[in-house]
Amino acid sequence: MFTNLVNKNRAILVSPYINFNILLGLNIINELVGSIAEKGIVICSYKVSPELVKEIIDEYKNVEFLNSFTCLNNSNVYVIILSNIEADNLLRCFVNANKLFAFVERVRLLNKLRNAGWSIYRVKRVDQATYSLLNIYEDEVILINIKGNSVYQSQIPEDVMLIYREVVNHVREFGSIKASDLLRYMVKVLGYDKEFVLNGIRRSIAIGILGYQSGYLYPKISINI
């Protein structure tokens, strides 16, 4: 279950990971059709195998597939998976949709979607089975784990939150913190294993809650700690 995402009414995910986009999109349509709308429509310009569709979408659910962009205004759930799109098309074509999720590699005039109340995420691959959805205008990150053809939302790992808290506390007290100084402090003073700390730093950056520039670590979003 990926509650944080499917609870949105309008969301766009800017993601270069085509297989991930297809997998998450199909799981979203399967989750929502029958619960908040009778019908779902998937607009996908990529080839999707019928076997994958059968594996993810329950056969009794009313889901229609279109292979090119079409302007529709019915009260359905829509999942759009394209290489690129203009924000104006999303705003103009799906006014009456119950829910609308778009997965694109590129989008023009993104600010128009923000002004219209859309949630906007950039997707990063953390590892082979984990993806980070970072809301670029709000302090929100969603972790999605892949297992076979299923997707699950997971919590930020505790080792990552540990690193995040230390960086936030150091920045609050001293204004900045070098990655090398944080590593030395957590190993020498707090007694953590060096590889544990290094791995936590790397994953914090990969997930997107910390940034790294010129040797310094800094919080990229604000999380309750």
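Being in a loop (DSSP other than H, G, I, E, B), closer than 30 Å to TYR216 by Cβ and out of contact with any His (no Cβ under 9 Å at 6 or more places or on another chain) is true for just one of ILE156, ILE120. Which residue is that? The unique qualifying residue is ILE156.
Only one entry in ILE41, ILE12 is within 15 Å of the chain's Cα centre (by Cα) and aliphatic (A, V, I, L, M), namely ILE12.
Here's the yes/no breakdown for (1) on the phi > 0 side of the Ramachandran plot; (2) modelled with pLDDT of 95 or more:
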{"position": "GLU158", "(1), (2)": "no, no"}
{"position": "LEU162", "(1), (2)": "no, yes"}
{"position": "GLY175", "(1), (2)": "yes, no"}
{"position": "ASP181", "(1), (2)": "no, yes"}
{"position": "ARG202", "(1), (2)": "no, yes"}
{"position": "GLN213", "(1), (2)": "no, yes"}
{"position": "TYR216", "(1), (2)": "no, yes"}
{"position": "LYS220", "(1), (2)": "no, no"}
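Check the stretch 99-109 and report whether any residue there is among the β-branched types (Val, Ile, Thr), farther than 15 Å from VAL14 by Cβ and at pLDDT below 95. Scanning the stretch 99-109 turns up no residue that is among the β-branched types (Val, Ile, Thr), farther than 15 Å from VAL14 by Cβ and at pLDDT below 95.
Within the stretch 175-219, the set of residues being assigned to a loop (DSSP other than H, G, I, E, B) and either over 24 Å from LEU134 (Cα atoms) or assigned by TED's automatic domain parsing to the domain that holds TYR137 (or both) comprises GLY175, LEU190, GLY191, TYR192, ASP193. Of the residues SER75, SER83, the single one that is in contact with a strand residue (DSSP E or B) (Cβ under 9 Å, 6 or more places away or on another chain), free of Cβ contacts under 8 Å to residues at least 40 places away in the same chain, among the small types (Gly, Ala, Ser) and not in a strand (DSSP E or B) is SER75.
Considering the conditions (1) without any contact (Cβ under 8 Å) to a residue 60 or more places away in the chain; (2) surrounded by 15 or more Cβ atoms within 10 Å (Cβ to Cβ); (3) closer than 16 Å to SER15 by Cβ, ILE144 is excluded by exactly one of them, (1). If the condition is being of a type in the set (Gly, Ala, Ser) and either surrounded by 13 or more Cβ atoms within 10 Å (Cβ to Cβ) or touching a residue at least 40 places away in the same chain (Cβ under 8 Å) (or both), then the stretch 180-225 contributes GLY200, SER204, ALA206, GLY208, GLY211, SER222.
Among the numbered conditions (1) under 22 Å from ALA129 (Cα atoms); (2) surrounded by 13 or more Cβ atoms within 10 Å (Cβ to Cβ), the only one that VAL63 does not meet is (1). Is the stretch 115-125 home to any residue that is among the polar types (S, T, N, Q) and crowded, with 18+ Cβ neighbours inside 10 Å? Within the stretch 115-125, one or more residues are among the polar types (S, T, N, Q) and crowded, with 18+ Cβ neighbours inside 10 Å.
Pairs are defined by a Cβ separation below 9 Å, a sequence spacing of at least 6 or placement on different chains, a first member in the stretch 30-59 that is surrounded by 10 or more Cβ atoms within 10 Å (Cβ to Cβ), and a second member that is part of a loop (DSSP other than H, G, I, E, B) and among the aromatic types (Phe, Trp, Tyr); the pairs so defined are GLU31/PHE2; GLY34/TYR60; ILE43/PHE69; SER45/PHE69. Take the conditions (1) among the small types (Gly, Ala, Ser); (2) under 15 Å from VAL14 (Cα atoms); (3) buried (at least 19 other Cβ atoms within 10 Å of the Cβ); SER83 misses just one of them, which is (3).
The values are calculated or read from the model by the stated rules, or taken from the named source; none is laboratory data. The model shown is predicted, which means the values in this text are computed figures rather than measured ones. Here the Cβ is made from the backbone with ideal geometry for all residues, glycine too, and neighbour counts use every protein chain on show.
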